[in-house]
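Undergrad: Below: one structure in structure tokens.
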Amino acid sequence: MNHSVTGADAPNRVIFIRPEHLDQKRVLVAVSGGPDSTALLLALHESGHDVVAAHYDHALRDGSDVPARQVAKLCGRLGVPLIMERRTEAMAKGSLQAAARQLRYAFLDRACGQAHAEVVALAHTADDLVEGVVLHLMRGCGLAGFRGMPAQRGHFVRPMLHTWRKDVRDFLNARGVVAYEDPANSEARFARVRVRAQILPALERDRPGINRRFHAAALAVARLQEQAENVPTSVETLRRLYTEAGGSQPGLSRRHLESMLKLTEPGRGGRGVDLPGGLRFRIVGGHMEVVPSRQSAPRPSRLEVRRCAGCDDGRAVHLHAGLNLHVAFRRPGLRMRPLGGRGTRKLQDLFVDARVPREERDRWPLVFAGERLAWVPGVAVDSDLAAAQGEEGLHIAITPMPVLPAENVVRLKAPIPRGDLT
């Protein structure tokens, strides 16, 4: 079921997605001051929704405060609360549009909490959906890319994906509203502008109606994508794992996916696969994980030693008294006779059995008694140096205590289904 706002005639019409995304909820509306977001704010306000507006000034050009003032004036006239913020921090290096988008979405998350809103409404239209699809196809994509942008992702919703820009302008004209026209929307240095101003008009001239066919196909693919996420192929599983770790869609190339699939094959090892967005795919034991690829510098380890006749501190070990202990890191040839095990084991094998990721083993602090490996924190303790129960010895703890990574890790335990890259 669609939800619409209708005035005296057809040009007043603006179509929204299913009401359950918006009805009975406080909605934070992202308002740039342009035609699309202005129409979205007006339409939601006219239809009786509980709305709060949010405007972010990227401060990228002179006069960026002009749309901010227009938005404030409109909200004042409507009686709609407004949350505004102007960029003060430096832009990240790389793509200007990507950096601006990251800052804008971070602001919208903050504003959503401040407004006690349940959803954030974005004013992407059917034209935006088609432009996104064409950009993805030019770059190469699968189902996730061909669907363009989803109608909902988390608390962000796009109620105007069935509404064309022509309808938006008719809607505003019928109300005598003049919205701000962003000069960046006509700068051909941006790929999206070239698609909008050059590629799609040329396709429409040669194949009239192709924009709407692109739109219908994208909506059909969105339904297929939803089904694929419920019963995923191997490739869709990897894409989903990457997205849930914070990666953007479509962010994985065919080469990334091929490398990830090879790493999942039986008998293959390797340190992992670096992915876009500062992420890394790796296999740890029977798990696939996507983790941050840039590890922070390890904090210096501090050894805590005191006399103890035994206790139940699970983060410490008890060794014989009189040992000269110090902290160091792994080097070739280290071995240990682990307590509770049989015979002598290589440190490498102990790490493998404990599923310590390869890239973390050189950073794992070790406790030595002289030149002898006494304790691998969280993994094993030397049976010859461990104090017997009730023996007064040394209570040994290390700060910070190394642990297997759990934070910022997206993990899949079950084997992925096999599939191809089509």
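The values are calculated or read from the model by the stated rules, or taken from the named source; none is laboratory data. Since we're looking at a predicted model, the values are computed, not measured. Virtual Cβ from ideal backbone geometry, glycine too; neighbours counted across all protein chains shown. Ligands, DNA and RNA are stripped out before the accessible areas are found, and what is left, the full protein with its side chains, is counted by its heavy atoms. Shrake-Rupley method; radii C 1.70, N 1.55, O 1.52, S 1.80 Å.
Undergrad: Looking at region 262-291, which of its residues are under 22 Å from the mean Cα position of the chain (by Cα), modelled with pLDDT under 75 and more than 17 Å from residue 402 (Cα to Cα)?
TA: Correct list: 287 only.
Let's see how each residue does on (1) among the aliphatic types (A, V, I, L, M); (2) open to solvent by 50 Å² or more (accessible area, probe 1.4 Å); (3) free of Cβ contacts under 8 Å to residues at least 12 places away in the same chain; (4) closer than 30 Å to residue 241 by Cβ:
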position: 122; (1), (2), (3), (4): yes, no, no, yes
position: 132; (1), (2), (3), (4): no, no, no, yes
position: 142; (1), (2), (3), (4): no, no, no, yes
position: 152; (1), (2), (3), (4): no, yes, no, yes
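Condition check ((1) closer than 25 Å to residue 73 by Cα; (2) touching a residue at least 40 places away in the same chain (Cβ under 8 Å); (3) of a type in the set (Ser, Thr, Tyr); (4) surrounded by 19 or more Cβ atoms within 10 Å (Cβ to Cβ)) across all residues:
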| position | (1), (2), (3), (4) |
| --- | --- |
| 155 | no, yes, no, no |
| 173 | yes, yes, no, no |
| 176 | yes, no, no, no |
| 183 | yes, yes, no, no |
| 189 | no, no, no, no |
| 195 | no, yes, no, yes |
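Undergrad: Residue pairs, Cβ under 6 Å, 6 or more apart or interchain, first in region 255-273 and of a type in the set (A, V, I, L, M), second open to solvent by 50 Å² or more (accessible area, probe 1.4 Å) and at pLDDT 65 or above. List them.
TA: 263/283
Undergrad: With respect to residue 74, is the statement that it is closer than 15 Å to residue 159 by Cβ, buried (at least 20 other Cβ atoms within 10 Å of the Cβ) and not hydroxyl-bearing (Ser, Thr, Tyr) true? Don't jump to the end; show me each part of the working.
TA: Numbers: closer than 15 Å to residue 159 by Cβ: no; buried (at least 20 other Cβ atoms within 10 Å of the Cβ): yes; not hydroxyl-bearing (Ser, Thr, Tyr): yes.
No.
Undergrad: Oh, and also: Just the residues that are assigned to a loop (DSSP other than H, G, I, E, B) and modelled with pLDDT under 80, please, taken from region 292-308.
TA: Restricting attention to region 292-308, the residues satisfying the condition of being assigned to a loop (DSSP other than H, G, I, E, B) are 293-301.
Once the filter is applied, which keeps residues that are assigned to a loop (DSSP other than H, G, I, E, B) and modelled with pLDDT under 80, region 292-308 yields 293, 294, 295, 296, 297, 298, 299, 300.
Undergrad: Among the candidates 178, 130, 134, 168, which residue alone is over 16 Å from residue 27 (Cβ atoms) and in a loop (DSSP other than H, G, I, E, B)?
TA: 178
Undergrad: Looking only at residues in region 47-71 that are at pLDDT 90 or above and in a helix (DSSP H, G or I), which one is surrounded by the most Cβ atoms within 10 Å (Cβ to Cβ)?
TA: Only one residue tops the list, namely 71.
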